[in-house]
Amino acid sequence: MALQSSSAIESALLYEKNIREAKEREEAMRRVYEASGKFVPFEFIRSLGKEFITDVRLGDHIEKVVTVLFTDIRDYTTLAEQMTPEENFHFVCSLNESIGPMIKKYNGFVNQYLGDSIMAIFPGSATDALNAAIDMQKEVQEFNRVRKINNQVPIKIGIGMHTGSLVMGITGDQERMDAATISDTVNTASRIESLTKYYRANILLSDASWNRFSNRKFFISGLLDGYR
């Protein structure tokens, strides 16, 4: 009887160990899944008709009409020259942490953080992108309030946006895949952002975006050489 009792205890302990290890593996997989979503947005994966990043394959792609938004820090080179590399890194990180959430708030997602720039995609309405841009500029004002307290010079960002067709897909090779966006829409949005410096505008957008607004009367606009 004692032998049978001991065997039953060992079986119970082994069962509990297996259950615990299974839960640990499940938790580890959940953390990996959540972490992967911070590098390749879930919105990007779902746009390809996939639910999990493990479902994507090289060459998967889809063409959609979206609004692309670019931001850029004005006079960034001058600012960077006044900081150490570590100070520069923390500066960019703190700004991105401040304005990045505004993109998700308005149903967009960050496609890439490009050093001192951000490229974001809004699959829904162009109005979402403009509302995000407005809130991002408000966040910069708050960001500058803190910089002023710390005796630091204020910063400015320019925001450009354009609406058009874009291909989102998985490119690369079997050993190294990457989420990519390929379209002249991206190039146009980037060029519009660069024009904010010339026109000294905080937000600049194309007619292609402007014409998609349902409530234009709530926004003040001006036509500048074919750009808003």
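For the residues Ala22, Ala201, Ala120, a GNM of the chain with alpha-carbon springs under 10 Å puts the largest fluctuation on Ala22. Stokes-Einstein, applied to the Kirkwood radius of region 62-106 over Cα pairs at a viscosity of 0.692 mPa s and 37 °C, places its translational diffusion at 258 µm² s⁻¹. Site pair Arg25 and Tyr113 shows an inter-label distance of 3.3 nm when each label is modelled 7 Å from Cα along Cα→Cβ. Figure note: Arg46, Arg200 ranked by solvent-accessible area, largest first, 1.4 Å probe, ligands and nucleic acids not counted: Arg200, Arg46. When mean projected area of the Cα convex hull in nm² is calculated for this entry, the matching label among (1) 13.6; (2) 19.8; (3) 12.5 is (2). Note on Ser194: accessible area approximately 60 square angstrom, rounded to 10, probe 1.4 Å, nucleic acids and ligands left out.
Within the full protein context, the accessible area of Val65 is estimated at about 70 Å² for a probe radius of 1.4 Å.
The candidates Ile149, Ile134, Ile103, arranged from most to least accessible area with a 1.4 Å probe in the full protein assembly, appear as Ile149, Ile134, Ile103. Converting phi to 3J(HN,Hα) with the Karplus coefficients 6.51, -1.76 and 1.60 and the offset θ = phi - 60°, region 64-77 yields 9, 8, 9, 10, 9, 10, 10, 10, 8, 7, 5, 6, 5, 4 Hz in sequence order, with x at every glycine or proline.
Measuring between alpha carbons in the structure, the pairs from Lys17/Lys105; Lys64/Lys148; Lys148/Lys197; Lys104/Lys148; Lys104/Lys197 lying more than 31 angstrom apart are Lys17/Lys105; Lys64/Lys148.
I'd like the orientation of helix 85-105 relative to the chain: the angle between its Cα long axis and the longest Cα principal axis, in ° from 0 to 90, rounded to 10. Approximately 90 degrees, to the nearest ten.
For the chain, the longest principal axis of the Cα atoms and the long axis of helix 126-149 meet at an angle of about 90 degrees.
Among the protein heavy atoms, those of Lys64 account for about 60 Å² of accessible surface (1.4 Å probe, every chain in place).
The values are calculated or read from the model by the stated rules, or taken from the named source; none is laboratory data. This structure is a prediction, so every number in the text was calculated from the model and none was measured. Note that each Cβ is placed from the backbone with ideal geometry, even for glycine, and that neighbours are counted across all protein chains shown. SASA here: full protein model, heavy atoms, side chains in, ligands and nucleic acids out. Shrake-Rupley method; radii C 1.70, N 1.55, O 1.52, S 1.80 Å.
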